[in-house]
Each structure stands twice: as structure tokens, then as C-alpha cells.
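As C-alpha cells, the structure follows; a few thoughts come after it.
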Amino acid sequence: MNNANANISTPSFTRVTAPILLQALRVCAIARQPAFTWGSPGIGKSDLHAQLAESFKALLIDIRASQWDAVDTRGVPYVENMLTKGEKTTRWAIPSVFPSAELAAQYPYDFVFLDELNAAPPSVQAALYQLILNRRLGDYVLPENVVMFAAGNLETDRAVTHRMSTALAGRFTHFELVVDPQAWERWALSSDVHIACISYLRYRPENLHNWDAKSASKAQPTPRTWEKLSNLVKVVESEGVNGPVESALVAGTVGDFVGTEFTGFLRIYRTLPDPAAVIMSPATIAIPSDPATRYALCGALAERANKTNMAALITFARRIEPDFQTLLILAAKERHPEVQHTRAFIQWASDNADVLI
């Protein structure tokens, strides 16, 4: 049953942030226990399983269950001659996506990830019962080092979903992934996300994932769309694209309301006091009174950090509130790891051990 046409509620699962979920899935992998991750669209469920596979040096087989028909799971039948008796029998040609024993043996682990499983029609889910419950499909048996994982959207998010049977659900360990702005920030700083996006979301963390299932807007802010927007802003800046085009790109990626606010934040970011002036006079230069400007300035300074100017940046940082100070110093550390070996950073780290990542 599609949840858009039915009054149903998503069952309650253990709600965890990405770092906790990653550790929990590691345990499931070692125990060969199938696990299902629930979460709103764009929250990073697929990316997290890719990270898990990378950490295990595992082969990741990503199957979009919503795109399958029931026949895709079992494969197509073919006739085989029985040479000894002169009879014929039907066998099934197993889909090549499933790992053979020879392929599986090349990796310490093999992860079969059934993404969008609860978006698959009930006939497909039923066809996968045997694979998930008994680790086999007809004559095909999953190799011993294969671990089954699955993910899907929450039924309350009005994404395309079908109710999962209790027989299938009972085979999994279930988790609900929720957004943790601080964990996302750590990932973003190490993944070259545009510093303006990171600074803005420090200022407005509630807009990292402001998903509204009832909204008519086709574009909404999620971790996925912020990553997309970061890439767009980089191209806008490198190509010198004009303001109206950029505004349309922003609103078309994260929605009109958040997009309008972020466009205003970008204007602040691009008209900040010269960071060089801050570095020249870190102890005396005026500190902007507007919080948005302070967030933007801290991000801009972090981008320009190096071993030579880190002492000046820390001198300036010690003059501002802890939240801004943390953004500046830790963003500088993630963007430019060499600064953590400076005497100024080591002293700051000693004084602020409780906030270090």
C-alpha cells in the first residue's frame, strides 16, 4: 500500500545519528546480521553504507530494489537436459548482480545493499524473502562472507513506500537515521564543502534538514541538497555567473524560503572585511556585531589559515564567543591540517580540549 494514499504511521525504531549508526552497522556486519536503515529522503543513508563498505574494504553491491520486478530477483528459467536419464528440467539463471563464490572470496566482506527496499512492490519484497531469511534463492546460496543491508524512506515522509510485512521486517535489525548538524559539519569540513554553506548552517543548523512531507515545494534543504548546492556555488564563483542566475540555482536546490536567506548570507560572505586586515591586527580590529556576519567572517578566515598566520587567527578567535571561535579554529584545522602543529594551535587545543573533534 502506498503511504501517500493511506493513513499509516511509521513504527518507532531506535533513532541514531550517523556516527552511532556507522558503529552499529559495523557490529551487524561482523555478526552477519541483516540491518535496515530508515530515514527521510536526502539524509545520507546510501552514502553511509558506502562509507561502511570502504572501511571494511568490502565489495559493495548496490541494488535499487524499487527498480526491480519480481522476476529480477530469481532470474529467468532455462531448460537443462539431464544427460543420464534423457530428461529435461528447468533451472534458474541467477542475476549476475549477486556475487559468485569466486568473486566473494576476493574480499574480506561483501555487502549486498538493497536500497529503497520498502519502495519495491510487495511482489518484489516477497521474492526477496528467501534471500534475506535463508540466504539463498533457489539453487543460489549467498557466500559465507556476504552481509545483507537495506534502507528505505520513512512511510510518513510521503515518499513512494509500501508497507513491509512482519515476516520480512522481523529478519532485520532496525535503525532510524537522524540528522546531527555537528557530525555533518565535521564531514563537510573534510569533504571540501563550500565554507559559506558550512558557516551558514552553523548560523542556522535547523535548516540542514528541514524536510516537510506536506510541502508543495519540490526543493527542500537536506544534507544531500546542501552538498549539491555547494558544488553549484563553486561553479557560480569560478564562472562569474550573475546574481539572478545564482538566486535561481539556490532556490531550486534548497527551496525558496531557505534559499532566499542563504542568498543573503552569500552577499554578506562576499562583502566581508578584508581577512588580511584581521590577520594584520587580530587584537584590535573591530568585531562585527551581526551574528550572520561573524559566522561568515569566521568561515572566510578558516579558508585562509596557514602555519604562518595561525597565531593571529587564534588571537582574534579568543576575542569572540565560543561558538564562533570553535567554527574558526576547527574549520581551519580540517581545511589545513598542518596548522594543528603550530604552537598557537597546540595551546588553544589544550585550553579547549572539550570541543576538539
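What is the helix-to-structure angle for 18-31, meaning the angle in degrees between its Cα long axis and the longest Cα principal axis of the chain, kept from 0 to 90 and rounded to the nearest 10? Compared with the principal axis, the helix lies near 30 degrees.
Rg to Rh ratio, the chain, alpha-carbon atoms and Kirkwood radius? Numbers along the way, then the final one.
Values: Rg = 25.3 Å, Rh = 23.3 Å.
Rg/Rh: 1.08.
Using only the C-alpha atoms, the convex hull of segment 181-355 corresponds to 115 Å³ per residue. Taking θ as phi - 60° and the Karplus parameters 6.51, -1.76 and 1.60, the scalar couplings of segment 33-47 work out to 9, x, 9, 10, 9, 9, x, 5, x, x, 8, x, 5, 5, 4 Hz in sequence order, x denoting glycine and proline. With Cα atoms defining each centre, segment 166-239 and segment 245-291 are spaced 19 Å apart in the structure. Under a 5 Å amide H cut-off, with hydrogens placed 1.01 Å from N, Val147 pairs with Asp110, Phe111, Val112 among residues at least 5 apart or on other chains.
Relative to the longest principal axis of the Cα atoms of the chain, the long axis of helix 122-134 makes an angle of roughly 80 degrees.
For the chain, give the share of DSSP beta bridges that are antiparallel, in percent and rounded to the nearest 5; count only bridges with both residues there.
Working: 10 of 32 bridges.
Bridges in the chain are about 30 percent antiparallel.
Around the amide H of His174, modelled in the peptide plane, lie the amide H atoms of Phe36, all under 5 Å away and 5 or more residues distant in sequence or on another chain. Relative to the first principal axis of the alpha-carbon coordinates of the chain, what is the inclination of helix 223-239, with its axis defined by its Cα atoms, in degrees from 0 to 90 and to the nearest 10? It is inclined by approximately 50 degrees.
No lab work stands behind these numbers, since they all come straight from the coordinates. Just so it is clear, the structure is predicted and the values come from calculations on it, not from any experiment.
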